[in-house]
Amino acid sequence: MNQQQTIEQFRIRHRPNYVAQNEEEIVFRAAFQAHIPLILKGPTGCGKTRFIEYMAHALELPLVTVSCHEDLTAADLVGRFLFKDNETVWQDGPLTLAVRHGGICYLDEIVEARKDTTVIIHSLTDDRRILYIDKTGEVVRAHPAFMMVLSYNPGYQSVVKDLKQSTKQRFASLDFAHPTVDVETKIIASESHLSEEDSRKLAEMGAKIRQLKGFGLDEGVSSRLLVYVARLVKEGLSPVQAIRHAIGQTLADEPEVQQSVQNIAELYFGDLMEESAGGPAEPQS
């Protein structure tokens, strides 16, 4: 398989379900056309990854995603020599593939990567748009359809893991937040096929639970977890059961915090609580 065939594997074949929050699609399209890299900032589960998948499909671009971590090396991004068929051959890494053939290179949770690794993207994020491969001596000029996108969660940011200003100021940024109740209702309903009435209750409950952040919860409940609740309800759990297992016991280990979440759940779904501690409620249509 040649490298062009390899990059084709990263295309998003089916349109992802995404509900817009603000003007993020307009900004993304403009940044792509202007060759301006982007940073997506926002809490866990607020839709950053789904958005980038949606835009890759909309722009008909391959999406090469790298989940960053502290052991990520420059070679993991750029590529390395491999021994194959009794000879040494060069294999492009995910970053080089996107640079060479066009596509979005998405470095997820960039603050988790080592500083000596992230510095290699600097020459791609200014007017040069080049990648120097020191092991081969090659200078790869970015394909016209190449775009660099980073993401991270400012809620977990620390001085040690913050991006350097020299990196930040090479990017435009999109701030993502938890959706409004109206938008989150649409997300829950479209992802789970739960009724709009119950989807709205979940969205309103999620907004209420987020008020516990800093009062026992390190992070507010994500839209992803609210969708999990809805899907569990569709599979036969009562709303209170689903909230207990998908939200309360996921977000907190302390029994008193879990109980606080359950108290909020009962405010919104007390009329649908199981009558006893026995098995799940009857499946809802």
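Specify which of the listed residues (Glu24, Glu53) is of a type in the set (Asp, Glu) and more than 18 Å from Glu184 (Cα to Cα). The unique qualifying residue is Glu53.
Taking each residue of the stretch 226-245 that is among the small types (Gly, Ala, Ser) and looking for partners that are in a helix (DSSP H, G or I) and surrounded by fewer than 19 Cβ atoms within 10 Å (Cβ to Cβ) with beta-carbon atoms closer than 9 Å, six or more apart or interchain, yields Ser238/Leu272; Ala242/Arg231. Selection within the stretch 143-170: residues that are among the aliphatic types (A, V, I, L, M) and at pLDDT below 90. The member of this set that is surrounded by the most Cβ atoms within 10 Å (Cβ to Cβ) is Leu163. Every test in (1) crowded, with 16+ Cβ neighbours inside 10 Å; (2) at pLDDT 95 or above is passed by Glu60 save one, and that test is (1). Restricted to the stretch 171-197, and to residues there that are assigned to a helix (DSSP H, G or I) and touching a residue at least 60 places away in the same chain (Cβ under 8 Å), the residue that is surrounded by the fewest Cβ atoms within 10 Å (Cβ to Cβ) is Ser190. Collect the residues in the stretch 222-259 that are buried (at least 18 other Cβ atoms within 10 Å of the Cβ) and of a type in the set (Gly, Ala, Ser), keeping them in residue-number order. Listed by number, the residues that qualify are Ser222, Ser223, Ala230, Ser238, Ala242, Ala246, Gly248, Ala252. Considering Ile121, Ile52, Ile36, the condition of being crowded, with 17+ Cβ neighbours inside 10 Å, over 19 Å from the mean Cα position of the chain (by Cα) and within 28 Å of Arg13 (Cβ to Cβ) is satisfied by Ile121 alone. For the stretch 95-106, the criterion of being without any contact (Cβ under 8 Å) to a residue 40 or more places away in the chain and either farther than 30 Å from Val227 by Cα or not assigned by TED's automatic domain parsing to the domain that holds Thr167 (or both) is satisfied by at least one residue. Restricting attention to the stretch 206-221 and to residues that are among the small types (Gly, Ala, Ser) and modelled with pLDDT under 95, the residue that is surrounded by the most Cβ atoms within 10 Å (Cβ to Cβ) turns out to be Gly220. Flag: Ala75 matches the condition of being over 21 Å from Arg170 (Cα atoms), surrounded by fewer than 17 Cβ atoms within 10 Å (Cβ to Cβ) and aliphatic (A, V, I, L, M).
If we scan the stretch 14-31, do we find a residue that is basic (Lys, Arg), in a loop (DSSP other than H, G, I, E, B), over 24 Å from Leu251 (Cα atoms) and assigned by TED's automatic domain parsing to the domain that holds Val149? Yes; the residues of the stretch 14-31 include at least one that is basic (Lys, Arg), in a loop (DSSP other than H, G, I, E, B), over 24 Å from Leu251 (Cα atoms) and assigned by TED's automatic domain parsing to the domain that holds Val149.
The values are calculated or read from the model by the stated rules, or taken from the named source; none is laboratory data. The shown structure was predicted, so the numbers you read here are calculated from the model rather than taken from an experiment. Every residue, glycine as well, gets a Cβ built from its backbone with ideal geometry; the counts of neighbours run over all protein chains shown.
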